[in-house]
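Here is the structure we will look at.
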Amino acid sequence: MSVQTNRSESLAESEVFHILGNDRRRAIVQLLAEEAGQVDVSDVASEIAANETDTTPVPNNLYKSVYVSLQQTHLPQLQEDAVIEYDSDAKTIQRGPNFDDVLQYINGHGETESTALQFHFAVCLLGLAVIAFAGLGIPLLSSVDPVLSSVVVLLAVAASSLYRLLA
């Protein structure tokens, strides 16, 4: 029987940090991020137990300990916070409505922030190149005022940052 949650609001940052403050909950989110659909709890327990030990095969007592802690503590917590959907009868989990909210903190705040950082880096490099070439007297660029080009670069980065902050 699947335990459904009525939680409709997204997670507060403090809740996300509480969730990710535990290695096993963080591992569950990371494992689900690599899978497209449902995952068996036994597979998750095996993977976590393997990561926690340096021995192969994983000792059965460690696997059982991980499995029990997932069943009793971590999966119900993640279900309650709508990070996962946990079917306790089928012993499967899948991504929940708040999954991406948590995943973005593991992945460094998501791809959009990475794209913005790449844009800022490219604009700064372009601005530095224009200033350097203007200083070297390269034709066409030597007429560019270095102060003006610096201001344009800073304005582009500031506008992009402001847009990301307000989005």
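The values are calculated or read from the model by the stated rules, or taken from the named source; none is laboratory data. The structure displayed is predicted, hence computed values, not measured ones. Because the Cβ atoms are built from the backbone with ideal geometry, glycine has one as well, and the counts that use them run over all protein chains shown. Note: areas computed on protein heavy atoms with side chains; ligands, DNA, RNA excluded. Shrake-Rupley method; radii C 1.70, N 1.55, O 1.52, S 1.80 Å.
Does any residue in region 40-54 that is touching a residue at least 40 places away in the same chain (Cβ under 8 Å) come within less than 6 Å, Cβ to Cβ, of a residue that is open to solvent by 30 Å² or more (accessible area, probe 1.4 Å) and of a type in the set (D, E, K, R) six or more places away or on a different chain, and which pairs are these?
Correct list of pairs: Val41/Lys91.
Starting from residues that are surrounded by fewer than 19 Cβ atoms within 10 Å (Cβ to Cβ) and among the aliphatic types (A, V, I, L, M), keep the ones in region 28-46 and report whichever is nearest to Leu75 (Cα to Cα). Break it down stepwise before answering.
Narrowing region 28-46 to residues surrounded by fewer than 19 Cβ atoms within 10 Å (Cβ to Cβ): 30-31, 33-38, 40, 42-43, 46.
Adding the requirement that they be among the aliphatic types (A, V, I, L, M) leaves 31, 33, 36.
Details: Leu31: 13, Ala33: 15, Ala36: 18 Å.
Within region 28-46, the match that is nearest to Leu75 (Cα to Cα) is Leu31.
Given the criterion at pLDDT 85 or above, aliphatic (A, V, I, L, M) and open to solvent by 50 Å² or more (accessible area, probe 1.4 Å), identify the matching residue among Ala82, Ala49, Ala90. Spell out the reasoning first.
On the way: Ala82 fails: open to solvent by 50 Å² or more (accessible area, probe 1.4 Å); Ala49 fails: open to solvent by 50 Å² or more (accessible area, probe 1.4 Å).
Result of the check over Ala82, Ala49, Ala90: Ala90.
Checking Ser160 against (1) touching a residue at least 40 places away in the same chain (Cβ under 8 Å); (2) within 23 Å of Ala27 (Cα to Cα); (3) surrounded by 12 or more Cβ atoms within 10 Å (Cβ to Cβ): exactly one of these is not met. Which one?
(2)
Could you count how many residues in region 141-154 are over 13 Å from Leu126 (Cβ atoms) and either in contact (Cβ under 8 Å) with a residue 40 or more places away in the chain or not β-branched (Val, Ile, Thr) (or both)? If you could, list the steps in order and put the result at the bottom.
We begin by selecting, within region 141-154, every residue over 13 Å from Leu126 (Cβ atoms); these are 142-143, 145-148, 151.
When the remaining residues are screened for being either in contact (Cβ under 8 Å) with a residue 40 or more places away in the chain or not β-branched (Val, Ile, Thr) (or both), the result is 142-143, 145-146, 148.
So the answer is 5.
Return only the number of the condition from (1) open to solvent by less than 70 Å² (accessible area, probe 1.4 Å); (2) not in a loop (DSSP other than H, G, I, E, B) that Val144 does not satisfy.
(2)
Answer yes if at least one residue in region 116-134 is β-branched (Val, Ile, Thr), open to solvent by 60 Å² or more (accessible area, probe 1.4 Å) and either in a helix (DSSP H, G or I) or at pLDDT 75 or above (or both), and no otherwise. Steps first, answer last, please.
Of all residues in region 116-134, those β-branched (Val, Ile, Thr) come to 123, 130-131.
Among the residues that remain, those that are also open to solvent by 60 Å² or more (accessible area, probe 1.4 Å) are: none.
No, region 116-134 contains no residue that is β-branched (Val, Ile, Thr), open to solvent by 60 Å² or more (accessible area, probe 1.4 Å) and either in a helix (DSSP H, G or I) or at pLDDT 75 or above (or both).
Give the residue that is nearest to Ser10 (Cα to Cα), with candidates limited to residues of region 58-79 that are of a type in the set (Ser, Thr, Tyr) and open to solvent by 50 Å² or more (accessible area, probe 1.4 Å).
Initially, region 58-79 is screened for residues of a type in the set (Ser, Thr, Tyr), giving 63, 65, 67, 69, 73.
If we keep only those that are open to solvent by 50 Å² or more (accessible area, probe 1.4 Å) as well, we get 63, 65, 67, 73.
Values: Tyr63: 32, Ser65: 31, Tyr67: 28, Thr73: 21 Å.
My answer is Thr73.
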